[in-house]
1. For segment 211-294, go through all pairs of different Cα atoms, get the mean of 1/r, take its inverse, and jot down that Kirkwood value in Å.
2. Length gain on complete extension for the stretch Leu203 to Ile18, per 0.36 nm per residue less the alpha carbon to alpha carbon distance?
3. Report Rg(Cα)/(2.2 N^0.38 Å) for segment 240-357, keeping two decimals.
4. Test of understanding: in a Gaussian network model of the chain with alpha carbons linked when under 10 Å, which of Val260, Val242, Val297 would top the mean-square fluctuation ranking?
5. Mind putting together the pair-distance distribution for the chain? All Cα pairs, 20 Å bins, whole percent per bin, short to long.
6. Quick check: residue separation of Leu25 and Lys117 times 0.36 nm, minus the Cα distance between them. What number comes out in nm?
7. Mind giving me the nanometre distance, one decimal, between the label points for Ser234 and Asp222, set 7 Å out from Cα along Cα→Cβ?
8. Apply the membrane-span-like helix rule to the chain: whole DSSP H runs, Cα extent along the own long axis of at least 20 Å, mean Kyte-Doolittle hydropathy at least 1.6. List the helices found.
Amino acid sequence: MGRTATVIALLSLGATAIAFVLSALGASHVVVFIVSAAALAALAFMIGQGTEQLGHRFGPHATGILQSALGNLPELFISIFALQAGLVVVVQTALIGSILANTLLVLGLAFLLGGLKNGTQQFHAPAVRSMATLLVLAVAALAIPTLATAPGAPDAGHTTDLSVIVSIVLLVIFAGSIPFSIGGGVGASAGVEEALPEAIWPLGLTMAVLLLGAGGAALTSDLFVEALRPTMASLRISEAFVGLVIVAIAGNAVENVVGVQMAIRNKADLAASLILNSSLQVAIALTPALVLISLFVGGGGLTLVLSPLLLGAVALSAILAALIVFDGESTWLEGLALLGLYVIIAASVWYGPPISP
């Protein structure tokens, strides 16, 4: 694996084990929160090593799909547990927050830091445009249940039924997007082979590192959220801010690190693929899947009906991101604009009722 990768793996697994030991010993929620957050960051670096190895084998777009799927596993498990506990609003807010975090925060950081280090960065425009267009279409589909079930609208009173129909359609679109995205990666993979690492890991080792890292991230994320509520309650932070910002960023720790890391290394194809695929998978796969899962796990049904603020925020973020990537290149100023919109949206939910213990 190499010395650096081995050290990262040991640190990530060690931090994860320490977090669980502290939780079992009844340590302070604040301490468990900090240690589990550090474990998530280390696990993200660990998965980043495995993702870079896959990038040399399969190209950026196929790797992006796999990486995004592994990165979204913590959100899936956390959301299922939260739905069983009846925390429907928290789940819905965190899902929208995930789209915003990836589309604005992570993509913005990648463009900003990558641009400051490498200047104007270029990526495979047709493939990235396809993902950005699908993201805008997915957000449009998410908006329909909110508009159609409003008082006086044609489907008022049929929130669950319409949400299920839209979810099934989105899952079909997601299934069709997989071979399309992989096919689009062929032309974009040419530049990835320019800087091969000194040692290519065996495929079995690469997959083991990715699966171990993703599994650890899933377990640690659950522990992180358990400690999150009492920690945030003691700090009296808005419940909407916790769901939209803190939980969303924690659930996307893998992409937060890996996508920015790839941009800094001037691998703009892989960075854009990782980040946009993650947003797209949350919108057209994770969210509709959880709508259907919520019908069976009990605790409360998840729907696609959003508040006006959430709907406006996710729509504007998808449109802005699509406009920025449409020319096939990025600059640090465009990254700064994405980050600016994210800060504005985060500020809009800061002044709310604090989360309860």
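1. Numbers: mean 1/r = 0.0685 Å⁻¹.
It is 14.6 Å.
2. Values: separation 185, 0.36 × 185 = 66.60 nm, distance 2.94 nm.
My answer for the length gained is 63.7 nm.
3. Details: Rg = 16.1 Å, N = 118, 2.2 N^0.38 = 13.5 Å.
Here the answer is 1.19, to two decimals.
4. Val297
5. Whole-percent P(r) values from 0 Å outward: 31, 60, 9, 0.
6. Numbers: separation 92, 0.36 × 92 = 33.12 nm, distance 4.47 nm.
Gain on extension, Leu25 to Lys117, equals 28.6 nm.
7. 2.4
8. Working: long enough: 3-24 (32 Å, 1.71); 29-58 (42 Å, 1.14); 125-148 (34 Å, 1.77); 159-184 (36 Å, 1.82); 203-235 (46 Å, 1.26); 308-325 (26 Å, 2.58); 332-348 (24 Å, 1.78).
Counting only whole DSSP H runs, the qualifying helices are 3-24, 125-148, 159-184, 308-325, 332-348.
Rule-based calculations on the coordinates, nothing more; no lab input. On a predicted model such as this, the values are computed, not experimentally measured, just so you know. Cβ atoms come from the backbone with ideal geometry, glycine included; neighbour counts cover every protein chain shown.
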